[in-house]
Amino acid sequence: MNWGSLTRAQRDAAFNNPLAVPGTPELLAAWDAESAAYRAARHDKYLDIPYGPRERNKWDLYPASDPKAPCLVFIHGGYWQRFSRVNFTNLIQGPVAAGWAVALPGYTLCPDVTLTELVAEINQALDWLGAHGAAHGIAGPVVLSGWSAGGHLTAMCLDHKAVTAGLAISGIFELGPLRDTYLNERLRLTDDEIETLSPLRRPLSDKPLAITYGSAELPPLVGDSVALHAARAAAHKPGILLPFAGGNHFSIMDELRRPDGLLTRHLPVLL
C-alpha cells in the first residue's frame, strides 16, 4: 500500500475490520450470547479475580482437571479501546476440549489509560498469574495468545517470565500507520510509543511465537503478520507462520473455538 497517497477515508478503511466483513454486528451479538451462556454454565471457574487496582484489572480463570495442564492465556481484541474479556468466553472452547486450562485477563481501555499503561497492565496480570495461578488450579506452562489488539499485546509481553510461548492471531505489529486513522482519536499515540510499542521495531524474543492470520484480512494486518514472521525467521527465532486460507478477521477465531480448528490443533506445537 502506498500509504502516503491515501485519503483519510481510505486510511480509516484500511483498518476498519467491521466495515470489511459483512454481518459483523450480528456475529458479535452471537459471540456475546454464546459467551454469556458458556460463562454461566461452567462451574469449575474463578471469575472476576482482581490482579490490579483498576475496574477492568480482573481475571476469568478456567482450570483444567489436571492442574499441570498447559494454560492458554487469551487477550481480547478491539483495537485497545473496545470490548471486554467476557465477550470472548465462547472462543475458548477448543482449548478446553483439548484439556487445556484457559485464563482471560481484562485490561483498561484507551483513552482511560495510555497504550504504555495498558501493556503494563498485561504484564501485571501475568505477574499475578505466575504468583497465584497454582492456587487456582493453573500450574502448567503458559501459552500467551490474543486476537487483533490482543495479538499485539501477545508480541509485546512474550518475554514475561511466566510465559513459555505465544500465539498471535491477526495482530497489529507496526503502530505508525494508526496515527493517521480514526483509531488514534482514542489511542493518542506518541512518537515514543510508536517506536517502543511496535513489535516490528523492538528486539525479537527468543521464545516460540506462532503468528496466524486470515488470507482474506485487510492488507495491513496480513502485511504485519508476514513481516514479523519474516523478521523472526531471518534472526533464527522459533515459531511458525500459519495463514488460514480464505479466513477473515472474525472467521479465523472459529479455528480456536472449534476442537478440530486449525489453531486448536496447532497449540501443542508451541510446547
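Observations
- For the chain, a crude dipole built from +1 on the beta carbon of Lys and Arg and -1 on the beta carbon of Asp and Glu, taken about the Cα centre, is about 340 debye to the nearest 20.
- Between the entries (1) 13.2; (2) 19.6; (3) 14.5, the label attached to mean projected area of the Cα convex hull in nm² calculated for this structure is (1).
- Residues of type lysines that LYS161 reaches as a straight line, Cα spacing below 18 Å, ignoring anything fewer than 8 places off in the same chain: LYS68, LYS207, LYS237
- Electrostatic tally near LEU61: other residues with Cβ closer than 13 Å to its Cβ, Lys and Arg +1, Asp and Glu -1, net +2.
- Principal-axis tilt of helix 24-41 within the chain, Cα atoms, nearest 10 degrees: 10 degrees
- Spacing of the two label points (7 Å from each Cα toward its C-beta) at THR164 and ALA40, in nm: 3.5 nm
- Antiparallel DSSP beta bridges within the chain, percent to nearest 5: 25 percent
- Angle between the chain longest axis and helix 115-132 axis [Cα atoms, degrees, rounded to 10]: 20 degrees
- For the chain, a Gaussian network of Cα nodes joined below 10 Å ranks ALA139, ALA29, ALA103 by mean-square fluctuation, and the top entry is ALA29.
No lab work stands behind these numbers, since they all come straight from the coordinates. From a predicted model like this one, the values you see are computed outputs, not experimental measurements. Neighbour counts run over all protein chains shown; Cβ positions are idealised from the backbone, glycine included.
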